[in-house]
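Written out below as structure tokens is the structure these notes cover.
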Amino acid sequence: MLAFALAVLIFFSARNRFSDPDTWWHLKVGESIWNTRSIPHQDQYSYTTNHHSWIAHEWLAEVSLYGAYKLGGYRGLWLWLAGFGSLLCILVYALCSLYSGNAKVSLLGGLVGWFFATVSLALRPLLLGHIFLIVELLLLHLGRSRDRRWFWGLPPLFAVWVNCHGSHIFGLGVAALFLFCSFFDFRAGQLFSERWDRRTRLLLGAILPLCAAALMINPIGWRLPAYPLDLLFKQSNNLAYISEWRPLSFKEPWGLGLFAVAALGGVVVLLRRASLRLEEVLLILLGLWMGMRHTRMVFVFGILAAPILCRLLADLWERWDPWRDNRVANTVMILASTALLIAATPTVPELERQVEKSNPVKAVQFIRQAGLAGPMLNEYVWGGYLIWALPEHPTYVDGRTDIFDWTGVFMEYGRWSNLQEDPRLVLEKRKINFCLVSKDATIVEVFPFLPGWKKVYSDEVAAVFARSPAGSGSP
């Protein structure tokens, strides 16, 4: 019944999250792989990178996205989002329930997971990466507390994980952290560690190299498991300027939530003299550091913190007794939740309106009807949509920030859009024929003063500026 309730929360949270800017290029890559049965190894969607080598490092997740679209169109895509989002929250709840031993208190853990998931709840492979992290934590807990054979589920997990999302590198670190803590046996005040039995330690120690080897079960080779290292050390502009990679602000709800969860855990430990395991402390510190350093990482903090918080609060509510269940009431609640799930599912016209509200749908129609040709300079956040909806016009820049960071195009675009230099420099260097920008972009105020350019289209979302015909005298 509680799992259904968490699914209802996700369905309502996902109602207005259909059109993430990155969804569209992920969808296009998935379509390409689906149709060609091959994975692209160089850029084929933009003209500014000169077909630079590029890794489709989330190819399997992208194929699943396109499969959902092929089966059900926009409705299929939304069900992919709502379905995997619900699975994630239910898995967090299951992890909290097993870890704390209290299925009722674990509802709080599910709510914590849901709240921090909303920072990145979107049609992106990221969602699958976090699901795999929860499954890993489940396998590690079950292997340590019940049967060490659960550890054998880790190598197959990593073999799938590496093909879906780059967070596999963090998963390896979590497994190594558990193995490290398994060697210690001490108690120092409220901090303690219990040494695992020798066979359990040896098995996890033997399986970890197998997990690393499983990362090579991919169609790209060593560059796929190594991609997260490239992000960390070779994509400085990506990390510095993309909003989701910026430090967390405590003015945002997730910043306040992170502070509240950390404070609640600290108060419980201090006032109730609760004990903390060594690996719990290390995981919480790691989650706090990552969450405060990068906004999108509060998602990970929620996953790591939820089961620990539930264990600390496990004795505040009587434990679930299946013999005392009111099954009629539970059934009624499940049926009511099912009705809410159906009610929360948006119609296709509602999904289309979301797409039109945040993307240049009408401007794309105009570009086709007007027959605009030549190189296009486009708004960064619309690049992914243009890859999907206007493939005949390669993008100047799009959400695949990695390749534009490598080639310097990302900073070039930043200087142009922020007017840090004469905008004509880029327009002439790239021989731009028309620009598709947001109607609220700063550059819109500048175009009327650029000789040889004129506004040819505008609506409530976008504006299109094109070069005037030679000799026309247009300003």
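The values are calculated or read from the model by the stated rules, or taken from the named source; none is laboratory data. Predicted model, so just to flag it, every value in this text is computed and none were measured. Neighbour counts are summed over all protein chains in view; Cβ atoms, including those assigned to glycine, are modelled from backbone coordinates with ideal geometry. Each accessible area value is taken on the protein alone, full model and side chains, heavy atoms only, with ligands, DNA and RNA left out. Shrake-Rupley method; radii C 1.70, N 1.55, O 1.52, S 1.80 Å.
Taking H placed 1.01 Å from N in the peptide plane, check which residues at least 5 places from Leu191 or on another chain put their amide H under 5 Å from its amide H.
Leu276
Counting only protein heavy atoms, what percent of the accessible surface of the chain is carbon or sulfur at a 1.4 Å probe?
In the chain, the share of accessible area belonging to carbon and sulfur is 62 percent.
Suppose all protein chains stay in the model; what accessible area per residue would a 1.4 Å probe give for the stretch 199-345, in Å²?
The answer is 56 Å² per residue.
Restricting to Cα pairs below 8 Å that are 6+ residues apart, what does the relative contact order work out to for the chain? Please round to a whole percent.
After rounding, I find 20 percent.
When only Cα pairs under 8 Å and 6 or more residues apart are kept, what is the percent relative contact order across the stretch 154-253?
33
Is there a quick way to get the dipole size of the chain? I mean about its Cα centre, with the Cβ of Lys and Arg at +1 and of Asp and Glu at -1; what is the value in debye to the nearest 20?
Dipole size: approximately 740 debye.
Need the C-alpha centroid separation for the stretch 387-405 versus the stretch 82-144, integer Å.
33
Find how much the distance from Thr331 to Arg223 grows on full extension, using 0.36 nm per residue of separation minus their present alpha carbon separation; answer in nm with one decimal.
Full extension of this stretch gives 33.9 nm more.
Quick one: net charge around Phe410, please, counting Lys, Arg +1 and Asp, Glu -1 for every other residue with C-beta under 11 Å from its C-beta.
Here the count lands on -2.
Once Rh is set to the Kirkwood radius over Cα pairs, what Stokes-Einstein translational diffusion coefficient, in µm²/s, holds for the stretch 330-389 at a temperature of 20 °C and a viscosity of 1.002 mPa s?
This corresponds to a translational diffusion coefficient of 146 µm²/s.
For the chain, find the longest principal axis of its Cα atoms and tell me its angle to the long axis of helix 2-14, 0 to 90°, nearest 10.
10
Net charge within 15 Å of Cys164 by Cβ-Cβ distance, Lys/Arg positive one each and Asp/Glu negative one each, not counting Cys164 itself?
Around Cys164, the surrounding residues sum to -3.
Which is farthest toward the positive dipole end of the stretch 133-267 among Asn163, Leu258, Trp245, measuring Cα position about the Cα centre, with Cβ charges +1 (Lys, Arg) and -1 (Asp, Glu)?
Looking along the dipole axis, the top candidate is Asn163.
Quick one: of Lys431/Lys455; Lys234/Lys429; Lys28/Lys439; Lys28/Lys357; Lys70/Lys104; Lys234/Lys455, which pairs are farther than 29 Å apart, Cα to Cα?
Over 29 Å Cα-Cα: Lys70/Lys104; Lys234/Lys455.
For the stretch 354-441, report the convex hull volume of the alpha-carbon atoms normalised per residue, in Å³, without decimals.
Spread over its residues, the Cα hull of the stretch 354-441 gives 98 Å³ apiece.
From largest accessible area down, sort Ile334, Ile432; use a 1.4 Å probe on the protein chains.
Of Ile334, Ile432, the descending order of accessible area is Ile334, Ile432.
Helix 327-344 sits at what angle to the longest principal axis of the chain, using alpha carbons and giving 0 to 90 degrees rounded to 10?
10
Under a 1.4 Å probe, what is the accessible area of the stretch 113-153 per residue, stated in Å²?
32
Hey, what angle do you get for helix 168-181 against the long axis of the chain, alpha-carbon based, 0 to 90 degrees rounded to 10?
Computed tilt is about 20 degrees.
Where the only charges are on Cβ atoms (+1 Lys, Arg; -1 Asp, Glu), what is the dipole of the stretch 284-362 about its Cα centre, to the nearest 20 debye?
Taking the Cα centre of the stretch 284-362 as origin, the dipole is about 280 debye.
Taking the Cβ of Glu421 as the centre, find all other residues whose Cβ is under 15 Å away and add up their charges (Lys, Arg: +1; Asp, Glu: -1).
+1
For a test of the definition: using alpha carbon positions, the gyration tensor, and the 1.5 limit on a/c, classify the stretch 257-377 as rounded, prolate or oblate.
The shape class here is oblate.
Averaged per residue, what accessible surface does the stretch 361-436 expose to a 1.4 Å probe, in Å²?
Here the residues of the stretch 361-436 average 38 Å² of exposed surface.
By its C-alpha gyration tensor, with a ≥ b ≥ c as the square roots of the eigenvalues, how is the stretch 98-184 shaped: rounded for a/c under 1.5, else prolate for a/b larger than b/c, else oblate?
oblate
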